[in-house]
Amino acid sequence: MPRHSLAAKVSAKVPRSGSSLSAGYKWVSGMSVSRVDPYGESIYQINPYLYIGIRQPLPKFALGRGKPTQNATTCCARLCALSTPEGSVLLVPAFRSFRGGLSLQF
């Protein structure tokens, strides 16, 4: 059964603070456990369902500069419940995650 998807992404930069904000949403028709378009997702940096990302530059230091990053992905993913002879199985189509990090440039 073919699956269809539709995606949109908005990015903005706050001039005074230099913060970069991005938010996107990718709709997928029907239930799907695997990614529908992994190539397109990597090219356009769009994750399935809701994605929110923030980057904030830090002041320069002796060796370079840094940016802390925060990302939340697949916040609105749909779950699929299957009934089996052994009981119920809950399938999650994509991992939900919140991650943070520090990007350093020397």
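Structure notes:
- Note on Lys26: lysines with a C-alpha under 30 Å away, same-chain residues under 8 apart excluded, are Lys9, Lys13, Lys67.
- At an R0 of 30 angstrom, the distance between the Cβ atoms of Ser103 and Ala8 translates into a FRET efficiency of 0.75.
- Note on the stretch 1-53: semi-axes of the ellipsoid equivalent to its C-alpha gyration tensor, largest first and rounded to whole Å, are 27, 9, 8.
- Among 13-25, 40-52, the order from most to least packed when residues are scored by Cβ within 10 Å on average: 40-52, 13-25
Read the figures in this text as sums done on the coordinates, not as results from a lab. Bear in mind the structure is a predicted one, so any value in this text is a computation, not a measurement. Every residue, glycine among them, receives a Cβ derived from its backbone with ideal geometry; neighbour counts consider all protein chains shown.
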